[in-house]
């Protein structure tokens, strides 16, 4: 049983979601009662669906007893995190045949990399790609010939999109199959130092590229604790991975064994009519566990958007207030870059997910009585996989942290409160990730300097105009304005100014993501400028106060003074031409606010 504060927030979510959750469950139970549609399809339908299948599978394709697993894959060989998926379908098909089933690639979904598009026009498509992925997932499963699904994805918008899409087929059992992080490369502290030296003009692009290449150097997920690895942490906490699957490196025998076991597990789940399907597995307790995991590990701020959209896809209503209230009681127990210098491989070696879930359960911060793809109860995830010969087995995970500088017990945390917080005030509502921010910078009071895009900020920095105390206000970066791009290009410059002793902070209706670092940043401001939010009423010189301790962000103006000002929109970020931006106009028009999940689907 979780501690009372956790239970109270869960009960609040259940009460708030009662009507929408009932409607969702009614829909997926109706679909489940109808059973797999394969037996009711015409011979022509079936012939199209299995025309390229092996002859033996063709003869069994219409048989109800033959389980068919749909594979939704985000494979491409440009993204290091998704390149390993190239070989997965063959492994899955072989394992499914051994388990008496079959598997087909139902669809591929796009997988773009924010690291490649950072600061480029293509970044304006990044957040919207989540909804495209959700729709592509639904299209793949809409052929109605599958008894279960395996979702192959890792990175930023890919995993939330896959889950949102799969929830529209919530009557099926669904497993997520990760690829794992690349081995550790250039230490994160050194990488950050070199980036700042480049921003300060001390080194050139050749030296910068060499450092970046030493960091991102092989197949696998980037090793810092950004959105990709936060996704993996939370998929495991939600019981959608096999236990211990998240952080096993690609190209290893254990990684291959886990992939094959995922296929066998999907076959078992599809054979068992009593199995709880995806849409029932993802319930209010599971969503609460995911929020707790995000807070306890100082995960990516992107998940404050994605979890809201994921929950909504399952008929569950959560809010930033739920995050903030849970943050007051959930301890911060990991230090992984950008919250420290360790990467996810170091976290994994220190005890990893098995120890994390064990200590959170023992101290009452998680709901144990939830459904998972490994069975009933989250305690199963306190185990770790290993190979005995070539056989995959599980054993009890670490009973204590092997490195208390990286991973702590929940009763002896780095901080008694979580790493994220809601900021509220007369400008609007926003989110701050303060786990990586030194306590000396938790409160910043300084005059505003207004920018309409990050290039304008960088030009002012290069001219030496920002060597002073100030709060950078970067507006017109919200979902409706330009798709809410990430603003990582600002991080090195802001870091330099803070290191020089200036009091600096960022306020924006855009995103900073899992790389949110040592400079206090109030992000996801809602309402955004394009929606008439007060961020568009701020002017140069306005005195702003960001207080991460109190959870407030205010401008020293009365309500009357703010209301009397015009909303100023420059329009510089709204041309929407080039890099495919013009074809996303309908999404910009229909997208909800960041606080509502920034989705064009609901």
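The values are calculated or read from the model by the stated rules, or taken from the named source; none is laboratory data. Since this is a predicted model, take the numbers as computed values, not measurements. No Cβ is skipped: glycine too gets one built from the backbone with ideal geometry, and neighbour counts run over all protein chains shown.
The table below lists the values:
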| item | result |
| --- | --- |
| Test: residue in region 564-583 that is over 22 Å from residue 308 (Cα atoms) and touching a strand residue (DSSP E or B) at 6+ places or on another chain (Cβ under 8 Å) | no |
| Odd one out for residue 512, checked against (1) within 27 Å of residue 165 (Cα to Cα); (2) surrounded by fewer than 24 Cβ atoms within 10 Å (Cβ to Cβ); (3) at pLDDT below 95 | (2) |
| Residues that are touching a strand residue (DSSP E or B) at 6+ places or on another chain (Cβ under 9 Å), surrounded by fewer than 19 Cβ atoms within 10 Å (Cβ to Cβ), free of Cβ contacts under 8 Å to residues at least 40 places away in the same chain and in a loop (DSSP other than H, G, I, E, B), drawn from region 435-470 | 465, 468, 469 |
| Options 478, 483, 495: the member that is at negative phi and buried (at least 21 other Cβ atoms within 10 Å of the Cβ) | 478 |
| Those residues of region 345-386 which are under 19 Å from residue 418 (Cα atoms), under 23 Å from the mean Cα position of the chain (by Cα) and assigned to a helix (DSSP H, G or I), in sequence order | 347, 352, 353, 355, 356, 357, 358, 359, 360, 361 |
| Verdict on residue 530 being touching a residue at least 24 places away in the same chain (Cβ under 8 Å), closer than 30 Å to residue 134 by Cβ and either surrounded by fewer than 20 Cβ atoms within 10 Å (Cβ to Cβ) or assigned by TED's automatic domain parsing to the domain that holds residue 477 (or both) | yes |
| Filter result (in contact with a helix residue (DSSP H, G or I) (Cβ under 8 Å, 6 or more places away or on another chain), more than 23 Å from residue 592 (Cα to Cα) and part of a loop (DSSP other than H, G, I, E, B)) within region 489-531 | 489, 503, 517, 518, 519, 520 |
| Identity of the residue in region 387-401, surrounded by fewer than 13 Cβ atoms within 10 Å (Cβ to Cβ) and assigned to a loop (DSSP other than H, G, I, E, B), that ends up farthest from the chain's Cα centre (by Cα) | 389 |
| Condition broken by residue 251, with the remaining ones in (1) in contact (Cβ under 8 Å) with a residue 60 or more places away in the chain; (2) closer than 23 Å to residue 34 by Cα satisfied | (2) |
| Check on residue 299, in the same structural domain as residue 155 (by TED's automatic domain parsing), touching a helix residue (DSSP H, G or I) at 6+ places or on another chain (Cβ under 6 Å), in contact (Cβ under 8 Å) with a residue 60 or more places away in the chain and not in a helix (DSSP H, G or I) | yes |
| Some residue of region 201-216 being in contact (Cβ under 8 Å) with a residue 12 or more places away in the chain, under 21 Å from residue 159 (Cα atoms) and surrounded by fewer than 21 Cβ atoms within 10 Å (Cβ to Cβ) | yes |
| Among the candidates 427, 432, residue that is crowded, with 19+ Cβ neighbours inside 10 Å and modelled with pLDDT under 95 | 432 |
| Checking residue 485 against (1) under 20 Å from residue 596 (Cα atoms); (2) modelled with pLDDT of 95 or more; (3) touching a strand residue (DSSP E or B) at 6+ places or on another chain (Cβ under 8 Å), the condition it does not meet | (2) |
| Residue tally, condition in contact (Cβ under 8 Å) with a residue 40 or more places away in the chain and out of contact with any helix residue (DSSP H, G or I) (no Cβ under 6 Å at 6 or more places or on another chain), over region 111-124 | 7 |
| Scan of region 1-50 for residues that are outside any helix (DSSP H, G or I) and either modelled with pLDDT of 95 or more or touching a helix residue (DSSP H, G or I) at 6+ places or on another chain (Cβ under 8 Å) (or both), ordered by number | 1, 2, 3, 17, 41 |
| Conditions (1) over 24 Å from the mean Cα position of the chain (by Cα); (2) in a strand (DSSP E or B); number of the one not met by residue 432 | (1) |
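Conditions (1) under 20 Å from residue 272 (Cβ atoms); (2) in contact with a helix residue (DSSP H, G or I) (Cβ under 9 Å, 6 or more places away or on another chain); (3) in the same structural domain as residue 235 (by TED's automatic domain parsing), marked per residue:
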residue	(1), (2), (3)
369	yes, yes, yes
372	yes, yes, yes
376	yes, no, yes
379	no, yes, yes
388	no, no, no
391	no, yes, no
396	no, yes, no
399	no, yes, no
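Conditions (1) farther than 15 Å from residue 310 by Cα; (2) crowded, with 21+ Cβ neighbours inside 10 Å, marked per residue:
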site	(1), (2)
104	yes, yes
110	yes, no
119	yes, no
133	no, yes
152	yes, yes
166	no, yes
176	no, yes
184	yes, no
189	yes, no
